[in-house]
Amino acid sequence: MATIFRPASVLLNQYAEYHRDRRNIATHLIGVPIIGVGLGVLLSEPSFVVNGLAITPGWLLVALASLWFITRGALLLGLATSLIFALVMLIAHRIPTPGVVAWAGWGVGLFALGWLIQFVGHYYEGRKPAFVDDITGLLVGPMFVTLELLAPLGLFKTLLADIERHAGPTHIRDLAHPA
C-alpha cells in the first residue's frame with residue numbers, strides 16, 4: 001500500500017498519468033477551486049472565537065493540509081499551494097450563509113458543481129479520476145492545479161520536465177478515434 005507521505009515528485013507523476021488531456025487539465029483549473037470553496041462553506045461551521053480569531057473546521061483543514069503540502073519535498077510548491085488553499089478557504093468563509101438551508105445549498109451546490117466539471121474533464125481524458133485508485137489524489141489535486149497555474153511564470157521547470165518524462169506530454173485526445 002502506497003503511503004500518503006510520498007514526495008511531491010512521485011505524487012505528481014502518478015497524478016499526471018490521469019491528467020494529460022489539456023481539456024481535462026483546464027476543467028481542473030476551474031473544478032478544483034470550486035470544490036474547495038464548496039468544502040470551505042461546509043466547513044465554515046461551527047465557528048469558535050479564540051483570541052479574536054474565528055476557528056472553524058475549514059481552517060483546521062487548511063493548517064493540516066498546509067503542513068502536508070510543505071513537507072512533500074517541494075517547498076515552494078507546498079507554500080504556494082498552502083497560500084492558494086487558504087485564499088480559497090477565506091473566500092468560502094465570506095460567502096453569506098444565513099441559516100442552514102443557505103449554508104447547505106451553497107456548500108453542497110458548489111461542491112457538486114466542481115465535481116461535475118471534473119467529471120466532464122475526465123470524459124475528455126478517457127480515464128477515471130486519480131483518487132479512485134489512490135485517495136491521496138484528493139490532496140495532490142490542489143498541488144497539481146497550483147503547479148499548472150504557476151508553470152507559465154517559468155516556475156518548477158525541473159518538476160514539470162520530470163512529470164512529462166514520466167507521464168508523457170499533454171495532448172488533446174481524439175474522441176472520434178480514442179486510443
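Couple of notes before you dig in:
- Near the amide H of Asp21, within less than 5 Å, lie the amide hydrogens of His171, all on another chain or at least 5 residues away, with H placed in the peptide plane.
- Expected 222 nm ellipticity per residue - DSSP helices of 4 or more, -39500 (n - 2.57), all of the chain, to 500: -21500 deg cm²/dmol
- Trp106, Trp68, Trp59, ranked by accessible area, largest first (probe 1.4 Å): Trp106, Trp59, Trp68
- About its Cα centre, the dipole of the chain is roughly 140 debye, where the only charges are +1 on Lys and Arg Cβ and -1 on Asp and Glu Cβ.
- For the chain, the solvent-accessible area of protein heavy atoms averages 54 Å² per residue (probe radius 1.4 Å; ligands and nucleic acids excluded).
- When every Cα-Cα distance of the range 36-179 is counted in 5 angstrom steps from zero, the calculated P(r) takes the values 2, 8, 14, 19, 18, 16, 11, 7, 4, 2, 0, 0, 0 percent.
- Counting heavy atoms of the protein chains alone, Asp174 has an accessible area of about 80 Å² for a 1.4 Å probe.
- Within the accessible surface of the chain, defined with a 1.4 Å probe on protein heavy atoms only, the carbon and sulfur portion equals 73 percent.
The values are calculated or read from the model by the stated rules, or taken from the named source; none is laboratory data. If you're wondering where the values come from, they're calculated on a predicted model, not measured in any experiment. Cβ sites come from the backbone with ideal geometry, for glycine too, and all protein chains shown count toward neighbours. The area values use the complete protein model at the heavy-atom level, side chains included, leaving out ligands, DNA and RNA. Shrake-Rupley method; radii C 1.70, N 1.55, O 1.52, S 1.80 Å.
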